Amino acid sequence: QVQLEESGGGLVQAGGSLRLSCAASGSIFGIDAMGWYRQDPGNQRELVAGFISDGSAIYAESVKGRFTISRDNAKTTVFLQMNSLKPEDTAVYYCNADRSGMRYWGKGILVTVSS
């Protein structure tokens, strides 16, 4: 089992910045990929940014140039630096990790961007 704990969400004005963190614990050996998804009411959960199995980072088109994903040397904590935030970035952000064919999710953290 992999446990994921998110932190860093909150309320910010449009144009502002937030940094999300996600710390993995438990059976962390063999995690293939980690990243961030988001979901707002009425919409499906969508990928925001993530590290895939070859170590490269991928981003949703809507956040390219504004968001940056990074991780610590142990590759057990991922960060999402969100700049130039827009009201449409308002959502619950979920951390995810893939390990041995299983997908794990954090509980989610709310990001609210006011106009």
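The values are calculated or read from the model by the stated rules, or taken from the named source; none is laboratory data. The structure presented is a predicted model; accordingly, all values stated were derived computationally and were not measured. Because the Cβ atoms are built from the backbone with ideal geometry, glycine has one as well, and the counts that use them run over all protein chains shown. Each accessible area value is taken on the protein alone, full model and side chains, heavy atoms only, with ligands, DNA and RNA left out. Shrake-Rupley method; radii C 1.70, N 1.55, O 1.52, S 1.80 Å.
Observations
- Residue within segment 74-89 that is open to solvent by 20 Å² or more (accessible area, probe 1.4 Å), among the small types (Gly, Ala, Ser), in contact (Cβ under 8 Å) with a residue 24 or more places away in the chain and more than 23 Å from residue 3 (Cα to Cα) present: yes
- Within segment 92-115, residues that are closer than 16 Å to residue 19 by Cα and open to solvent by less than 30 Å² (accessible area, probe 1.4 Å) have Cβ atoms under 6 Å from residues that are β-branched (Val, Ile, Thr) and not in a strand (DSSP E or B) in these pairs: 113/90, counting only partners at least 6 apart in sequence or on another chain.
- Residue satisfying all of: in segment 56-65; open to solvent by 30 Å² or more (accessible area, probe 1.4 Å) and part of a loop (DSSP other than H, G, I, E, B); farthest from residue 88 (Cα to Cα) among these: 56
- Wholly within segment 1-49, strands (runs of 3 or more DSSP E) carrying at least 1 residues that are under 17 Å from the mean Cα position of the chain (by Cα) and among the polar types (S, T, N, Q): 2-7, 18-26, 31-39
- Under the condition of being closer than 14 Å to residue 4 by Cβ, open to solvent by less than 30 Å² (accessible area, probe 1.4 Å) and free of Cβ contacts under 8 Å to residues at least 40 places away in the same chain, the residues counted in segment 18-50 number 0.
- Residue 11 vs. criteria surrounded by 18 or more Cβ atoms within 10 Å (Cβ to Cβ) and either in contact with a helix residue (DSSP H, G or I) (Cβ under 9 Å, 6 or more places away or on another chain) or in contact (Cβ under 8 Å) with a residue 40 or more places away in the chain (or both): no
- Apart from one condition, residue 85 fits all of (1) modelled with pLDDT of 95 or more; (2) of a type outside the set (Asp, Glu); (3) in a strand (DSSP E or B); the exception is (3).
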